[in-house]
Amino acid sequence: FKIDKEIPHSQMLRGEIFWGLVNNINFSIVGIVVYILYQKGRLSVFWNFNQYPFWYHLLLIPVLLLLHDAYFFWIHWLMHKTPAGKWLRHDIHHSAHNVSPWSAFSVHPYEGFLEVIFRLFTLMLIPMHPFDFLFFEVLTFALNIIGHSGYEFFPRSFAQNSVTKIQSSATFHYLHHQNGHTNLSLFFNHWDRIMGTMNPNYQSFYQKVVDERSSDSIKSEIS
């Protein structure tokens, strides 16, 4: 299931863990600001789950994912297409070509602050129950780690199926770390398709990855 068969170097992993821990400063700052704004009644959080119909809670999660994906794509696009990438030290994140789960949060605090501030905007502008926010956080946390895992777990047809091909995958983001000019999206890839930043070899490379995965599985069963 490993996309790049080599194991990430221990020195690279130590660096990613370091920057991931440093980036917790941003979560602390935003957490304090959220608490202060909550005390002042500036958040759109509500505590009665039945204040909105159940369909609202179900629809809220994909809406938040789409908004987050759009926000991430455009700040990511700016970091790769303008000098903003140098100012925000995006090179820290791209020090890893053979990504690992630690890569997901290995960013300079400048970049990390710009990314985490999205949570503050949503809590101020979009009515949601704490459970909605918690589910959204756990889901995005998991998808981010899967995307940076370096392992392709999704099925063979994922990159070609008319429903799932608009979503990202570990292979999709792996290609971004090989070529920073393409595959700039996070959860979906429609912005890459619209802006012409989709890696043209994504589908064929995905098939190569899953074919090798199947071959390795067969060899393992035989042995």
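One table, with the values for the structure above:
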quantity	calculated
Accessible area per residue, Å², region 1-146 with all protein chains present, probe 1.4 Å	57 Å²
Span from the region 1-79 Cα centroid across to the region 124-178 one, whole angstrom	12 Å
Computed helical MRE - 222 nm, the chain, DSSP H runs ≥ 4 contributing -39500 (n - 2.57), nearest 500	-19500 deg cm²/dmol
Candidates per chymotrypsin sites (Phe, Trp or Tyr not before Pro) in region 60-159, loop by DSSP, up to 13 other Cβ within 10 Å	PHE153
Degrees, to the nearest 10: 109-125 long Cα axis against longest axis of the chain	50 degrees
Carbon and sulfur %, accessible surface of the chain computed with the full protein complex present, 1.4 Å	68 percent
Per residue convex hull volume, Cα atoms of region 7-114, in Å³	139 Å³
Taking the chain and dividing mean pair separation by its residue count, relative contact order in percent (alpha carbons under 8 Å, at least six apart)	27 percent
Relative contact order, percent, region 26-112 [alpha-carbon distance under 8 Å, six or more residues apart]	21 percent
Interchain or long-range residues, amide H under 5 Å from TYR151's placed H	ILE3
Estimated dipole of the chain in Debye, rounded to 20 [Cβ of Lys and Arg +1, of Asp and Glu -1, Cα centre]	300 debye
Region 1-56: chymotrypsin sites (Phe, Trp or Tyr not before Pro) in DSSP coil with no more than 11 other Cβ atoms inside 10 Å	TRP47
Reachable lysines from LYS208, criterion Cα separation under 18 angstrom, eight or more residues apart if same chain	LYS2, LYS5, LYS165, LYS219
Cα pair distances in the chain, grouped into 10 Å bins until the bin that holds the longest one, percent each	7, 29, 34, 21, 7, 1, 0
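The values are calculated or read from the model by the stated rules, or taken from the named source; none is laboratory data. Bear in mind that the values here come from a model prediction, so they are computed numbers and not experimental data. Because the Cβ atoms are built from the backbone with ideal geometry, glycine has one as well, and the counts that use them run over all protein chains shown. Just so you know, the surface numbers come from the protein's heavy atoms only, side chains and all, with ligands and any DNA or RNA stripped out. Shrake-Rupley method; radii C 1.70, N 1.55, O 1.52, S 1.80 Å.
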